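Please read the structure below before turning to the comments.
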Amino acid sequence: MPLDLSGKWDLELNENVEDYLKALNIDFAHRKIGSYLSPTKIIIQDGENFMIKTQSTFKSYEFSFTVGVETEEFTKGLDNRILKTLVTWEGHTLVAIQKGEKPNRGWRHWMEGERLYLELTCGDVICYQVYKRKHKQEH
């Protein structure tokens, strides 16, 4: 049974995001803003069907996919490209290969304890992010 990544996650660590955005040809002003954001990631998982939302005060992004099925992805609000994205499981790691005009583009999600890890790749640049599960507060 694959790992259940469902939940709401708050960013704790964001390494090399500016270089990653530069590799995507994001302009200087948006790279600077992007490097200061602390997005929340919401993952809704129903078996092999996923919706991943990344929300911030500046921009939000949503991507829905089924593991093992290549999906057309429009990166609206990010770098505004159309990609062919294939997400598969490699053990307990969710791996996406994004085919488009940028070589070696994709991402990897996995969990360790109450942390969600994300590696974003474009060319030879890797951005490394760590999220902590957001717990519901009891009343």
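The values are calculated or read from the model by the stated rules, or taken from the named source; none is laboratory data. Note that the structure is a prediction, hence the values are computed from the model and not measured. Using ideal geometry, Cβ is built from the backbone for each residue, glycine included, and neighbour counts are taken over all protein chains shown. With ligands, DNA and RNA removed, areas are computed over all heavy atoms of the protein, side chains included. Shrake-Rupley method; radii C 1.70, N 1.55, O 1.52, S 1.80 Å.
Some points to look at:
- For residue 134, the residues whose modelled amide H falls within less than 5 Å of its own, excluding neighbours fewer than 5 places apart on the same chain, are 8, 9, 10.
- Overall shape of region 4-59 was characterised from the C-alpha gyration tensor. The equivalent ellipsoid obtained from it has semi-axes of 25, 12, 10 Å, in decreasing order.
- Normalising the Debye intensity of region 42-139 to I(0), with uniform scatterers on Cα atoms only, and taking log10 at q = 0.20, 0.24 Å⁻¹ returns -1.17, -1.65.
- A straight chain from residue 57 to residue 44 at 0.36 nm per residue would run longer than the Cα-Cα distance by 2.6 nm.
- Near the amide H of residue 102, within less than 5 Å, lie no amide hydrogens of residues on another chain or at least 5 residues away, with H placed in the peptide plane.
- Cα pair distances exceeding 13 angstrom across region 82-134, given as percent: 61 percent
- The dipole here belongs to the chain: it is taken about the Cα centre, uses +1 on the Cβ of Lys and Arg and -1 on the Cβ of Asp and Glu, and is about 360 debye.
- Local net charge near residue 30, Cβ-Cβ under 13 Å (Lys/Arg +1, Asp/Glu -1): +1
- Electrostatic tally near residue 60: other residues with Cβ closer than 12 Å to its Cβ, Lys and Arg +1, Asp and Glu -1, net +3.
- Accessible carbon and sulfur surface of the chain relative to its total accessible area, %, 1.4 Å: 52 percent
- For region 1-132, the relative contact order comes to 24 percent (Cα pairs under 8 Å, sequence separation of at least 6).
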